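Just below is one structure, and these are the notes that go with it.
The values are calculated or read from the model by the stated rules, or taken from the named source; none is laboratory data. Since the model is a prediction, treat every value here as computed from it, not as a measurement. Glycine gets a Cβ as well: all are built from the backbone with ideal geometry, and neighbour counts include every protein chain shown.
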Amino acid sequence: MFDALKKKFSSWFSDKKEEKKKTSKKAGKNEKKEKKESKIVKEKVKKEKIKKTSEEKIEESIGEEIEESVKEEESEEPEEKKGFFSKLMGKISSSTATMNQENIDGIFSEIEITLLENNVALEVVDKIKENLIKDLLGIEVKKDKIEKTIFDSLKKSILEVLIEPPNLIENINKKIGPYTIIFFGINGSGKTTSIAKLANLLKKSGISCVLAAADTFRAASIEQLEKHADNLGLPIIKHTYGSDPAAVAFDAKKYAEAHKIKVVLIDTAGRMYTKQNLIKEMEKIIRISKPDLKIFVGESITGNDAVEQAKTFNEAVGIDGIILTKADVDEKAGTILSVSYVTQKPIYFLGTGQEYSDFTPFTKDSVLKNLGLD
Ligand SMILES: Nc1nc2c(ncn2[C@@H]2O[C@H](COP(=O)(O)OP(=O)(O)O)[C@@H](O)[C@H]2O)c(=O)[nH]1
Ligand SMILES: [Mg+2]
């Protein structure tokens, strides 16, 4: 999911990343390179044969051409790199420059478009710009250090925007009595699947769980959770369709207390955050089940929609954390930055597929790494 942004970043900060790129790209591109080399050799031989008579000269020139072509392969998107920095560099003639608003605006217009194209919310983009201005305005930068200064500023901004989640396992273990987690979000966002994934992860850490089928509204939702409970060998508390979800949550908690089960995972019906009666129902489940953690589940692919949902759910019931699902089919990483920043709540996990194990604990470092900014 980080590919698009990463590609862009690495094309901007080409000098800094050149070493890495050379090694990582070499393996995959060997075949392509060989083909290109042989093509160039053939063409060159043909041309040079007409032009030059000395065989030695031909070889020398072919060698140079191959080297040039290899370099071209290794520096990713050379046109883009030029487009981004040439504007700025062109204006700076001396080796040291004092960064002014015009320079920064020039740099930022490209950054801004890229971030917006990749689902980064406007308020996050503004925050990154504010940081860049703080870091750059009025300072003297050596021409060859401009890239590094921007790189560091961007990295710092991203670290500031993201929130490191607390250690969930530690918090669960610290709690005396059952630790209750409730999941909410709109229909199809991946609540039930994420519950199963988390239950699987907890089970692997030796932590027992009970599932609460408090989605008593959507057809087949109870059976769906039951299937996961079966697969994972976990107890499930269910009532009939149409019954009060708060009662299911309450029973599951009682069951956990009676059977010394450590974690209660409460599934809820998907609800549009705009429907007041459904929000009221959710408030009731929260009041009755007194969760330790209220998790908003959103789809990373929906970008700004997920951000708006997170914001509104947070205002309505106060969320403690986020799970972003379908990161495996999201080509833009911006939702990660946006939901964290607008809610000021940490992302705990990323859903990265349909298997139980496709569930990646979130860390700030891994995001930087995935963006090539580490
Ligand atoms: N590719 C992918 N699909 C997912 C992920 N999480 C959930 N899904 C799929 O999204 C659909 C809806 O998920 P579900 O858990 O039923 O959503 P709910 O309505 O919020 O409970 C199902 O087909 C899931 O298999 C994920 O991380 N990646
Ligand atoms: Mg569901």
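For first residues located in segment 181-208 and free of Cβ contacts under 8 Å to residues at least 60 places away in the same chain and away from ligand 2 (no atom under 14 Å from the Cβ), partners that are among the β-branched types (Val, Ile, Thr) and assigned to a loop (DSSP other than H, G, I, E, B) and lie 6+ apart or on another chain with Cβ distances below 9 Å form the pairs Ser208/Ile261.
Listed conditions (1) touching a strand residue (DSSP E or B) at 6+ places or on another chain (Cβ under 8 Å); (2) crowded, with 20+ Cβ neighbours inside 10 Å; (3) outside any strand (DSSP E or B) are all met by Lys294, apart from (3). Within the bounds of segment 241-255, is there any residue that is of a type outside the set (A, V, I, L, M) and in contact (Cβ under 8 Å) with a residue 60 or more places away in the chain? Within segment 241-255, one or more residues are of a type outside the set (A, V, I, L, M) and in contact (Cβ under 8 Å) with a residue 60 or more places away in the chain. Of the residues making up segment 218-258, those that are closer than 14 Å to Ile285 by Cα and of a type outside the set (Gly, Ala, Ser) are Asp244, Pro245, Val248, Phe250, Asp251, Lys253.
Considering Tyr356, Tyr348, the condition of being within 16 Å of ligand 1 (Cβ to nearest atom), among the aromatic types (Phe, Trp, Tyr) and crowded, with 19+ Cβ neighbours inside 10 Å is satisfied by Tyr348 alone.
Would you call Asp135 surrounded by fewer than 22 Cβ atoms within 10 Å (Cβ to Cβ), within 24 Å of the chain's Cα centre (by Cα), of a type outside the set (Gly, Ala, Ser) and under 29 Å from Ile104 (Cβ atoms)? So Asp135 fails the test. The one condition from (1) within 31 Å of the chain's Cα centre (by Cα); (2) within 16 Å of ligand 1 (Cβ to nearest atom) that Lys262 does not meet is (2).
Quickly run through segment 240-269 and pick out the residues that are of a type in the set (Phe, Trp, Tyr) and in contact with a Ser or Thr (Cβ under 6 Å, 6 or more places away or on another chain). Residue satisfying the conditions is Tyr241 alone. Quick check on my filter: what residues within segment 300-337 are surrounded by fewer than 23 Cβ atoms within 10 Å (Cβ to Cβ) and assigned to a strand (DSSP E or B)? Matches in segment 300-337: Gly321 only.
For segment 173-187, the set of residues classified as within 14 Å of ligand 1 (Cβ to nearest atom) and at pLDDT 95 or above consists of Ile182, Phe183, listed by residue number.
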